[in-house]
Amino acid sequence: MRLERSFYCVVAAFAALTLVYCALGFWAERDGVFVPAASVFCGAAAVGVIWLGWSFVRAGGEITSIATQLNCDQTHQIKPCRSAWLKVLTEALNNRLSDETSAQLKEQLKQLQIQNKLLSAQKTHIDQVIYSIRDAIIVVDEFDKVLLANEAAGRLFGFDFATAANKPVSELVEGAKPEFVDFLRQSRTSRAPGSRKEIDFDDAEGPRVFDCRVSCVCDDGGRVCAVVAVLHDITREKEIAQMKNDFVSHVSHELKTPLASIMAYSEMLTDGEANDEQTRNEFYSVIRTQAQRLNRLIEDILNIARIESGLVKVEKQPVSLAILMEEQLQMIRSFAQEKDIRICSEKPIVHDCVLVDKDMVSQVIVNLLSNAVKYTKPGGTVHVFTEVDEISKKVTVKVVDTGVGIPADELEHVFDKFYRVGANKPQAKGTGLGLSLVKQIVEKVHGGNVFVQSKVGAGSTFGFELGLATEVVTAKS
Amino acid sequence: MTGKKVLVVDDEIHIVHVVAIKLRNNGYEVISAQDGTEAFELAVSQKPDIIVTDYQMPTMNGIELVGKLRQNAQTNKTPVIMLTARSFVIEDDQQQQLGISEVLSKPFSPKELLRSIEDILYAKAVAD
């Protein structure tokens with residue numbers, strides 16, 4: 001570059017000297033050798049000036065090109081110039097660009113790495129959430145290969161969820177549930193936004209029913225790219241629905257039975273089918289007793305419903321069970337005497353104070369005592385015991401009768417709603433709700449236990465157990 | 001259809017009683033039972049012209065009773081009217097298969113029961 005600059009100076013100086021020489025020569029002498037010499041010098045000078053000018057123009061163009069390249073893209077290297085002194089400029093600029101580009105790229109790489117870590121952490125978090133969900137989840141792609149399956153799905157269908165990815169779903173589940181695979185395929189083919197189907201399972205955990213909901217995921221072009229299946233265990237909901245249906249059916253039947261008598265006898269009276277006073281009185285009596293039965297039934301149903309729903313107001317207070325028992329025994333003795341049944345009771349010698357709702361527990365005692373008297377034949381006995389266990393802090397009440405007894409295969413059902421022992425129905429009337437109410441009051445409201453023992457022909461022992469209270473109630477003398 | 005014999009079966013004694021009074025007042029002879037086992041024995045021994053039975057009974061329900069009646073040569077043609085307080089217990093094809101002539105829901109009208117008995121016995125007499 002120094003050489004080029006020096007050459008430009010020499011040419012410029014030569015051109016300037018030539019002009020001065022020619023100017024002096026023309027002014028001093030117009031003929032002779034001077035004129036041709038001057039012409040040669042002028043021609044050479046002109047050529048030199050032209051060439052100098054062209055060099056500067058070229059340099060200017062290259063500088064413009066450099067500026068244009070920088071303006072368009074600051075990451076690419078600038079093209080090398082022909083001018084030596086511009087080459088230095090170009091190299092300097094290229095070095096600078098490389099450093100800046102490198103720094104930018106490094107920064108971008110760092111940002112990408114940070115984002116990648118964040119995305120990985122988010123994905124791991126989402127995966128953990130999906131794997132922890134109790135519902136079975138399976139996601140397959142458009143070729144029915146598993147994209148994702150959680151632990152619940154693996155347990156349900158019997159495959160290892162950790163190694164399920166990319167395997168055909170039919171390979172994993174078809175052996176257990178071919179209809180599930182068909183359902184996935186149908187949903188994918190139909191492109192339905194959401195489909196639902198109940199699928200039955202019967203495995204080591206017993207018979208279960210699952211609500212399977214499938215939805216399709218579509219890409220921007222409307223093509224199904226994934227199918228998501230979620231299976232939720234609805235076995236308990238089905239059981240509850242069935243229990244509700246059964247309860248409604250039972251209640252309906254029990255309410256219609258006394259109603260049938262009331263309506264039939266009313267119609268007979270209206271139509272004059274009761275020919276004499278005695279028959280008419282008999283009909284009136286039946287209507288009255290059946291209406292009372294209907295009323296008791298409705299009360300029992302409402303009581304049970306209130307207790308089960310938690311709507312009943314419970315007022316607990318310290319009460320002596322023996323005193324409560326004695327009060328109810330006084331009321332049942334007259335009924336027992338009519339049937340010639342002897343009632344025996346023993347007061348405990350230790351305190352038997354419990355924290356209970358007095359009215360509710362009175363109802364329990366009444367139900368147990370009246371059952372014992374109803375199902376005991378004349379001449380039998382009903383014995384009442386109240387036992388206190390100071391060590392386990394519990395008090396136990398037992399009502400032991402010498403009645404008809406209950407068959408062993410029916411014992412587990414006696415506390416069920418509306419259940420009545422078949423063979424004992426002719427012995428006495430009942431709503432089938434008395435013992436169910438006893439169980440609800442003792443267990444649900446007071447946290448105690450009910451129990452029964454029985455032998456056909458020998459009699460039954462019904463009882464309940466409650467925790468002792470801390471306060472003491474002195475027995476009335 | 002006076003003089004015809006009707007077997008009334010129901011574990012509710014009041015229902016048996018009111019139906020018996022209604023039928024006797026209209027000239028029918030009435031025999032009764034309170035469970036399916038007793039009813040079957042009476043059906044075989046007494047050969048009633050028609051049986052009116054409740055569905056829900058201890059030891060043997062109405063459907064089981066009818067099934068047993070249809071397996072016995074002496075009772076397999078006896079018409080049966082079923083009384084039930086359940087909203088839905090018998091399919092139409094099951095009713096036809098067992099030869100149950102009619103199903104009446106409780107609470108029922110004694111007048112309507114009498115009318116049904118008369119219609120069924122009349123149709124049976126015409127068919128015979």
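No value in this document is a laboratory result; all are computed from the given coordinates. Keep in mind the model is a prediction, meaning the values are calculated, not measured. With ideal geometry, Cβ positions are generated from the backbone for all residues, glycine too; neighbour counts draw on all protein chains shown.
Return the average number of partner chain Cβ atoms within 10 angstrom of each residue Cβ along peptide A:262-271. Write down the numbers at each step before the final one.
Details: counts 2, 6, 14, 6, 1, 8, 7, 0, 0, 5.
For this peptide, the per-residue mean of nearby foreign Cβ atoms is 5.
Simple rule: put +1 on each Lys or Arg Cβ and -1 on each Asp or Glu Cβ in chain A, find the dipole, and look at A:LEU24, A:GLN108, A:GLN122; the Cα lying farthest toward the positive end is A:LEU24. Here the alpha carbons of segment B:42-128 define both size measures, Rg and Dmax, at 12.6, 36 Å. Ordering of B:115-127, B:9-21 by packing is B:9-21, B:115-127, highest average first (other Cβ atoms within 10 Å, averaged per residue). Counting Lys and Arg as +1 and Asp and Glu as -1 over every other residue whose Cβ lies under 11 Å from the Cβ of A:ASN303, the net charge comes to -2. Using a simple spin-label model with pseudo-atoms 7 Å out from Cα toward Cβ, A:VAL47 and B:LYS77 lie 14.8 nm apart.
Taking Cα centre as origin and charging only the Cβ of basic (Lys, Arg, +1) and acidic (Asp, Glu, -1) residues, the dipole magnitude of segment A:239-308 rounds to 260 debye. If R0 is taken as 45 Å, the Cβ-Cβ distance between A:ILE199 and A:SER392 corresponds to a FRET efficiency of 0.40.
Here the label points at A:ASP127 and A:ILE63, each 7 Å from Cα along the C-beta direction, are separated by 6.1 nm in the simple model. Expressed in Å, the radius of gyration and Dmax of the Cα atoms of segment A:359-419 are 13.6, 39.
Once the Cβ-Cβ distance of A:ALA165 and A:ALA192 is raised to the sixth power relative to R0 = 22 Å, the FRET efficiency obtained is 0.30.
Take every Cα pair under 8 Å whose residues are at least 6 apart in sequence, average their separation, divide by the length of chain B, and the relative contact order is 23 percent.
Among the trypsin sites (Lys or Arg not before Pro) within segment A:61-170, those in coil by DSSP and having at most 12 neighbouring Cβ atoms inside 10 Å are A:ARG82, A:ARG134.
Along Cα→Cβ, 7 Å out, is where each label goes; now give me the distance between the ones at B:ALA127 and A:ASP271 in nm to one decimal. Placing both labels 7 Å along Cα→Cβ, they lie 2.5 nm apart. The mean sequence separation of alpha-carbon pairs under 8 Å and at least six residues apart, normalised by the residue count of segment A:365-467, gives a relative contact order of 33 percent.
Hey, what angle do you get for helix A:2-28 against the long axis of chain A, alpha-carbon based, 0 to 90 degrees rounded to 10? Approximately 40 degrees, to the nearest ten.
Check cross-link reach from A:LYS444 to the aspartates and glutamates: straight Cα distance under 15 Å, and skip same-chain residues fewer than eight apart. Here the aspartates and glutamates satisfying the reach criterion relative to A:LYS444 are A:GLU308, A:GLU315, A:ASP357, A:ASP416, A:GLU465.
With contacts defined as alpha carbon pairs under 8 Å and 6 or more residues apart, what's the relative contact order of chain A in percent?
Details: 640 pairs, mean separation 38.8, N = 477.
Relative contact order, chain A: 8 percent.
With Cα atoms defining each centre, segment B:73-127 and segment A:57-89 are spaced 111 Å apart in the structure. May I ask for log10 I(q)/I(0) of the protein assembly as shown at q = 0.11, 0.12 Å⁻¹, from a Debye sum over the Cα atoms as equal point scatterers with solvent left out? The computed values of log10 I(q)/I(0) come out as -1.14, -1.19.
Just check segment A:244-385 against the gyration tensor rule for me: Cα atoms, a ≥ b ≥ c as the square roots of the eigenvalues, rounded for a/c under 1.5, and otherwise prolate or oblate depending on whether a/b exceeds b/c.
Numbers: a/c = 3.11, a/b = 1.53, b/c = 2.03.
Oblate.
This ranking places A:PHE201, A:PHE161 by how few other beta-carbon atoms lie within 10 Å of each, fewest first, which gives A:PHE201, A:PHE161.
Comparing B:GLU112, B:GLU91, B:GLU29 in a Gaussian network model of chain B (Cα springs below 10 Å), the most mobile by mean-square fluctuation is B:GLU91. For segment A:55-157, place one equal point scatterer on every Cα, skip the solvent, and apply the Debye formula. What is log10 of I(q)/I(0) at q = 0.15, 0.19 Å⁻¹? The calculated log intensity ratios at q = 0.15, 0.19 Å⁻¹ are -0.75, -0.95.
Taking beta carbons within 10 Å but only from partner chains, what does the mean come to for residues B:12-20?
5
Give me a single rounded figure for B:26-36: the average over its residues of other chain Cβ atoms within 10 Å of their Cβ. That works out to 1 on average.
To the nearest µm²/s, what D does Stokes-Einstein give for segment A:239-308 at 10 °C and 1.306 mPa s, using the Kirkwood radius over alpha carbon pairs as Rh?
Values: Rh = 13.8 Å.
Estimated diffusion coefficient is 115 µm²/s.
Where both residues lie in segment B:1-101, what percent of DSSP beta bridges are antiparallel, nearest 5? Before the final figure, lay out each step's value.
Values: 0 of 14 bridges.
Among the beta bridges of segment B:1-101, antiparallel pairing accounts for roughly 0 percent.
How much mean residue ellipticity at 222 nm does chain A get from its helices, if each DSSP H run of length 4 or more adds -39500 (n - 2.57) and you divide by all residues, to the nearest 500 deg cm²/dmol? Before the final figure, lay out each step's value.
Values: 11 runs with 250 residues, N = 477.
So the calculated ellipticity at 222 nm is -18500 deg cm²/dmol.
Taking Cβ atoms as reference points and 14 Å as the exclusive limit, the residues near A:ARG155 contribute a net charge of -3, counting Lys and Arg as +1 and Asp and Glu as -1.
Run the dipole for segment B:5-127 about the Cα centre, Lys and Arg Cβ at +1, Asp and Glu Cβ at -1, nothing else charged, and hand back the magnitude in debye, nearest 20. Computed charge dipole of segment B:5-127: roughly 340 debye. Projecting the Cα atoms of B:ILE31, B:LEU98, B:ILE15 onto the charge dipole of chain B (Cβ charges, centred on the Cα centre) puts B:ILE31 farthest toward the positive pole.
Under the rule of -39500 (n - 2.57) per DSSP H run of 4 or more residues, summed and divided by the residues of chain B, what mean residue ellipticity at 222 nm is obtained, to the nearest 500 deg cm²/dmol?
Numbers: 5 runs with 58 residues, N = 128.
One gets -14000 deg cm²/dmol as the mean residue ellipticity at 222 nm.
Under 23 Å of direct C-alpha separation, and excluding same-chain neighbours fewer than eight residues apart, B:LYS22 reaches these lysines: A:LYS256, B:LYS4, B:LYS5, B:LYS47, B:LYS106, B:LYS111, B:LYS124.
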